[in-house]
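Worksheet: one structure, shown below.
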Amino acid sequence: MKYYPIFLELKAKDCLVVGGGKVGARKAATLEKCGANVKVISDRFSSGFDDLKQTNICLEKKEYEKKDVNGMFLVFAATDNVDLNQQIKDDASMLNILCNVADAPQNSDFLLPSIVDRGDLILAVSTSGSSPAMAKKIRQDLEKHFGPEYAQFLTMMGNIRKKLLSSGHAPDDNKAIFYTLIEKGILELIQANDEININAVLCDVLGKKYLYQDLVSSRSDE
């Protein structure tokens with residue numbers, strides 16, 4: 001295996017993107033969605049950043065300087081200048097900061113996979129830089145199989161788990177409950193938007209205090 005797969009906690013971490021094109025905009029948007037403190041540096045910004053002006057992303061219109069990488073958790077070199085990207089990579093490496101270089105997997109400390117985002121379900125696909133087109137094709141196939149119902153299902157299951165733990169249920173006992181819900185086809189009921197039968201299953205397994213709309217209207221960490 002060429003790369004070590006990992007899901008990284010970026011909440012409140014400082015991340016730098018250098019580059020104001022479409023690639024930089026995509027990277028910045030994904031980082032911000034993960035809760036990172038994102039700064040983007042560029043001497044010009046494409047229209048791809050128009051929708052990002054209403055976010056917490058910091059857009060700084062200026063030329064890149066070596067000091068810009070100081071204190072960063074991750075750095076992304078996403079300019080259209082090969083030499084500048086190399087300079088950013090070198091500056092980050094001098095400070096032991098991991099850097100991703102756009103369109104240069106051989107010169108990156110880590111690669112960005114093709115992602116299927118279904119809330120708490122995240123499917124990441126990588127071809128180790130050999131064929132981004134194939135990674136995209138696999139991602140598209142996965143998107144057809146794993147629909148938005150998975151996000152609702154996992155939100156519901158997370159909130160059920162929280163309620164059970166708060167009421168004193170042992171974690172090992174909870175496993176049997178979760179398996180029962182899955183075996184009773186609750187995921188398929190969510191996909192069919194069959195709220196009546198979803199609540200019937202919840203009532204049968206957990207009792208009348210567990211209602212579908214309540215369980216999907218709030219996050220499990222609230």
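The values are calculated or read from the model by the stated rules, or taken from the named source; none is laboratory data. What you see is a predicted model; the values in this text were computed from it and never measured. Here the Cβ is made from the backbone with ideal geometry for all residues, glycine too, and neighbour counts use every protein chain on show.
Some points to look at:
Residue by residue, here is whether (1) in a helix (DSSP H, G or I); (2) more than 18 Å from Asp120 (Cβ to Cβ); (3) without any contact (Cβ under 8 Å) to a residue 24 or more places away in the chain holds:
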residue: Asp173; (1), (2), (3): yes, yes, yes
residue: Leu181; (1), (2), (3): yes, no, no
residue: Ala200; (1), (2), (3): yes, yes, yes
residue: Val205; (1), (2), (3): yes, yes, no
residue: Tyr210; (1), (2), (3): no, yes, no
residue: Leu215; (1), (2), (3): yes, no, no
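- Any hit, segment 10-33, residues being closer than 26 Å to Ser130 by Cβ and either exposed (fewer than 15 other Cβ atoms within 10 Å of the Cβ) or of a type in the set (Ser, Thr, Tyr) (or both): yes
- Single residue of Gly48, Gly71 found to be on the phi > 0 side of the Ramachandran plot and either in the same structural domain as Thr30 (by TED's automatic domain parsing) or in contact with a strand residue (DSSP E or B) (Cβ under 7 Å, 6 or more places away or on another chain) (or both): Gly71
Rundown of residues vs (1) modelled with pLDDT under 95; (2) β-branched (Val, Ile, Thr); (3) more than 24 Å from Lys11 (Cα to Cα), yes/no style:
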site	(1), (2), (3)
Glu32	no, no, no
Asp43	no, no, yes
Gly48	yes, no, no
Asp51	yes, no, no
Gln54	yes, no, no
Asp68	no, no, no
Leu84	no, no, yes
Lys89	no, no, no
Met94	no, no, yes
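- Hits in segment 126-169 (condition: in a loop (DSSP other than H, G, I, E, B) and over 18 Å from Tyr210 (Cα atoms)): Ser126, Thr127, Ser128, Gly129, Ser130, Ser131, Phe146, Gly147, Pro148
- Segment 62-89 - residue that is charged (D, E, K, R) and more than 27 Å from the chain's Cα centre (by Cα) and, of those, surrounded by the most Cβ atoms within 10 Å (Cβ to Cβ): Lys66
- Inclusion of Ala102 among residues that are modelled with pLDDT under 95 and surrounded by 14 or more Cβ atoms within 10 Å (Cβ to Cβ) is warranted.
- Filter result (touching a residue at least 12 places away in the same chain (Cβ under 8 Å) and more than 19 Å from the chain's Cα centre (by Cα)) within segment 110-134: Gly129
- Test for Val125: is it surrounded by 13 or more Cβ atoms within 10 Å (Cβ to Cβ), closer than 29 Å to Tyr150 by Cα and modelled with pLDDT of 95 or more: yes
- For the residues Leu202, Leu154, Leu181, the requirement of being crowded, with 17+ Cβ neighbours inside 10 Å and in contact with a strand residue (DSSP E or B) (Cβ under 9 Å, 6 or more places away or on another chain) singles out Leu154.
- Count - residues of segment 111-122 that are surrounded by 15 or more Cβ atoms within 10 Å (Cβ to Cβ) and assigned to a loop (DSSP other than H, G, I, E, B): 3
- The residue list Lys27, Lys53, Lys39, Lys11 contains one member that is charged (D, E, K, R), in a strand (DSSP E or B) and not assigned by TED's automatic domain parsing to the domain that holds Leu121, which is Lys39.
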